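Comments concern the structure below.
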Amino acid sequence: MPSSNTITGTGTDLYVYLNQGTTVLKPAIVGTAALVSNGGATLRLQPTYASNTYSGGTYVNAGTLNLQAAAGFVAVPGDLFVRNATVTYGNTVAGQIAATANVALFGGAVINLPAYSASATNTLASLVFQNEGGTQNQEFKFNTPTGVGTVSLLVLTADAPLTATNNTLST
């Protein structure tokens, strides 16, 4: 793959701060860094030439992370941590998040799967709902499939696949 189609992060973190509009990253993100998204705008991960393979995890601390990897490619290659932010599937390609990923939702975090027109299965290692003093609950939205007989399925594969903690009196 030509180097012009990759973004390499070899340090601790690759920070993206967006305060307006939508920024699209089409090159594959590779290396050992974590991807950290901050700010109230939208970051679209749309790997077009190869899957993202960075190994440091993905942290979404505000705004929206929109996943639009092409079929056969992965937008989020490892663990995903969403804090008071939204992650949406921008297309109907299942598997935008790696099947080995542990996904943790904190505060008012939301994950929106698309309204699939054909049956789709998304696989994750585990899903954690963590509300430590937040005023909103976390949500994992399947949305309503549009095709007749269509189902949207989530498979969790870890030994402890689902964890929910609510340590706040307000929700």
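The values are calculated or read from the model by the stated rules, or taken from the named source; none is laboratory data. Nothing here was measured: the structure is a model prediction, and the numbers come from that model. Protein only, heavy atoms only, side chains kept; ligands, DNA and RNA dropped before computing areas. Shrake-Rupley method; radii C 1.70, N 1.55, O 1.52, S 1.80 Å.
Mean-square fluctuations from a GNM of the chain, with a 10 angstrom spring cutoff on Cα atoms, peak among Ala160, Ala34, Ala62 at Ala160.
The apolar share of the surface of the chain, taken as the fraction of accessible area on carbon and sulfur atoms (1.4 Å probe, ligands and nucleic acids excluded), comes to 52 percent. When a/c reaches 1.5 or more, the comparison of a/b and b/c decides; with that in mind, is the chain rounded, prolate or oblate per its Cα gyration tensor? Oblate shape, in that a/c is at least 1.5 and b/c is the bigger or equal ratio.
Scanning residues 5 or more positions from Thr123 or on other chains, those with amide H under 5 Å from its amide H are Gly95, Val155, with H placed 1.01 Å from N in the peptide plane. Segment 111-143 and segment 85-108 have Cα centres separated by 7 Å. Per residue, the solvent-accessible area of the chain (1.4 Å probe, heavy atoms of protein chains only, all protein chains present) comes to 47 Å². At full extension, Tyr17 and Ser119 could sit 33.2 nm farther apart than now, given 0.36 nm per residue minus the alpha carbon distance.
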